[in-house]
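> Pasting a structure below so you can have a look.
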Amino acid sequence: MPLLPYALARPFLFGLDPEQAHELTLGSIARLQNTPAQCLWAQPRTNDPLTLAGLAFPNRIGLAAGLDKNGRCIDGLGALGFGFIEVGTVTPKAQPGNPKPRMFRLPEASALINRLGFNNDGLAAFVANVKRARFRSRGGILGLNIGKNAATPIERAVDDYLLCLDGVYPHADYVTVNISSPNTKNLRALQSDDALDALLAAVQDRKATLTKQHGRSVPIFVKIAPDLDATQVDAIAATLKRHAIDGVVATNTTIARDAVKGMAHADEAGGLSGKPVFDASNRVIAQLRAALGKGYPIIGVGGVLSGADAKAKVDAGADVVQLYTGFIYRGPALVSEAAGALAAAPPR
């Protein structure tokens, strides 16, 4: 149990602008991680080992990409009991992202809307942060999430993904190719049949080269959107199998607003996360499992705010589960609760 209860910190943080609260929290963790002060938020890691995509996960609860875009806080966040952490999305060049304000809370729905737009310090700074982290040496699994710069034309997107893959490959347990953020213009077009086919062919070709160069094969995952119909999900599943992609992350944020209609900030542009995306995410997970079959690695994410929600993700077909918005609303207790709920249930 952390020495600093989240119930005391949350009112203060929720009194700030969401992005200001986010930066204040990450800045504090970055400064204090791996110091005695880390005991303020540290808690034990639930033991619930699972081997997935050839990786030994210490438990089935992870942190989703997007919270720590620059990989500044890997060790501090790892101290919260996560079995795995995914950081990024990183792009080749540093970029400021979209104009502020660009993050909004919808407390009635336990939700967030963000249109950050892959704001990050660039690949070189990201890799330097990752190299300093000790989380992997302490048994945690580290995923590195890659994307394209906003200024890169969509027809040259493959170049950005390959640059990022070259940079992160030696330092990752797995790499996630993010083609599903709604906040970079035309990015989701990469989920279409021909574009996805070309991207994954290029990624796998480069992976073969990097595997020989570094003497290890790093699993590649692809992160997809919840706003896909059954035909699109089946087409993506077929493409993943055709290119022997190692796994899939389902799902990113949604552009749908039905669940938050009439609420303050509901009409803001960006991706909606939290409880409203839970059902859509589970639907896509179930469709992927049906299409991909037993044994294909699926990371489930979207709307987990309780241990029961985490179990529902696994019941839908996910092997392991990630948190983000639920973690903002519930704090460290959600990590232990969700990990404990899955430890008490047999693997799917």
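What follows draws every value from the coordinates through simple rules; no lab data is involved. Bear in mind the structure is a predicted one, so any value in this text is a computation, not a measurement. Here the Cβ positions follow ideal geometry from the backbone for every residue, glycine too, while neighbour counts run over all protein chains shown.
> 5 Å is the cut-off here: which amide hydrogens, built 1.01 Å from N in the peptide plane, fall below it relative to residue 71, excluding neighbours closer than 5 in sequence?
Long-range HN contacts for residue 71: 88.
> How do 336, 192 rank when sorted from fewest to most other Cβ atoms within 10 Å of their own Cβ?
By the 10 Å Cβ count, ascending: 192, 336.
> Please give, to one decimal in nm, the separation of the simple spin-label points placed at residue 28 and residue 50, each 7 Å out from Cα toward the Cβ.
My value for the distance between the label points is 3.1 nm.
> So, in nm, how far is label residue 13 from label residue 234 when the simple model puts each one 7 Å beyond its Cα toward the Cβ?
About 4.3 nm separates the two model spin labels.
> Also: Apply the a/c threshold of 1.5 to the C-alpha gyration tensor of region 200-320 and tell me whether it is rounded, prolate or oblate.
Prolate shape, in that a/c is at least 1.5 and a/b is the bigger ratio.
> Using the structure shown, list the pairs from 223/311; 212/241; 148/241; 100/131; 69/223 with a Cα-Cα distance above 26 Å, or answer none. All intermediate terms of the calculation are to be shown ahead of the outcome.
Working: 223/311 20 Å; 212/241 22 Å; 148/241 23 Å; 100/131 30 Å; 69/223 15 Å.
Result: 100/131 exceed 26 Å.
> So if we plug the beta-carbon distance of residue 155 and residue 345 into 1/(1 + (r/R0)^6) with R0 = 51 Å, what FRET efficiency do we get, rounded to 0.05?
Numbers: r = 45 Å, r/R0 = 0.89.
So, using R0 = 51 Å, E works out to roughly 0.65.
> Could you estimate the translational diffusion coefficient of region 1-156 from the Stokes-Einstein equation, with Rh from the Kirkwood formula over C-alpha pairs, at 25 °C and 0.890 mPa s, in whole µm²/s?
Using the Kirkwood radius from Cα pairs, D works out to 146 µm²/s.
> What is the fewest-to-most order of 268, 23, 337 by other Cβ atoms lying within 10 Å of their Cβ?
Details: 268 17, 23 12, 337 20.
In increasing order of surrounding Cβ atoms, one gets 23, 268, 337.
> If neighbour count is taken as other Cβ atoms inside 10 Å, put 224, 154 in order from fewest to most.
Neighbour counts put them in this order, fewest first: 154, 224.
> Next up: Between region 221-239 and region 12-56, what's the alpha-carbon centroid distance in Å?
31
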